[in-house]
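The structure appears below as structure tokens.
No lab work stands behind these numbers, since they all come straight from the coordinates. Treat the numbers as computed from the prediction; the structure is a model and nothing was measured. Note that we place each Cβ from the backbone using ideal geometry, even for glycine, and neighbour counts take in every protein chain shown.
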Amino acid sequence: MPRNASGASESLVLAAALTAIAIYFSIRQWRDRLGRGGSLSEADALHFARQDARRWFGSAVMALLAAGIVIGTRIVVRGDRTRGRLFLAVWIVVAVLVGVLLVLALVDWLATIAYARRQRAELARERRAAIDDQRRGFAASGNGRPGTDYPEKT
């Protein structure tokens, strides 16, 4: 079987894979959004709204990348200056989209780290409050000293 010099068949496979990944991520994000409870704090609701926007945008960028790869490999440049410029423009856009996708992934990663830190701090505050309540309860009841917790037996 003769090999296609332009790489068109490889670009179709790559574009199909990118499209499948974008669809998978979109479905996963949609299910994640449906699975969230309605009792989110304001900070959690804001975090998840921004996360949704980032991830939907990431899926759209992947779909655009797939289209750009297919279009870029279909342009025949031989001897045509206009097509050469179009080829260059398409691949510059593809490179920029890859950069956007990387920056988006970095921002999402950092936001997830900040969310986890905030959740850990909140758990630590709740744990500290529970310990303080328990200590106050022990102090108020006499801390187990005889005659302070229970009435004396007669």
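Restrict the search to region 1-86; then list the trypsin sites (Lys or Arg not before Pro) that DSSP places in a loop and that have at most 16 other Cβ atoms within 10 Å of their Cβ. Write out the running numbers ahead of the final one.
Details: sites: 3, 28, 31, 33, 36, 50, 54, 55, 74, 78, 81, 83, 85; in loops: 3, 36, 78.
Hits after loop and neighbour filter: 3, 36, 78.
Relative to the longest principal axis of the Cα atoms of the chain, helix 8-35 runs at roughly 20 degrees. Taking the longest Cα principal axis of the chain as reference, the axis of helix 42-74 is set at about 20 degrees. Using Cα atoms only, what is the angle between the long axis of helix 81-140 and the major principal axis of the chain, expressed in degrees (0 to 90) to the nearest 10? Approximately 0 degrees, to the nearest 10. Computed about its Cα centre, the charge dipole of region 37-127 is approximately 420 debye, with only Lys, Arg, Asp and Glu carrying charge at their Cβ.
For the chain, report the % of Cα-Cα distances exceeding 25 Å. Cα-Cα pairs of the chain separated by over 25 Å account for 58 percent.
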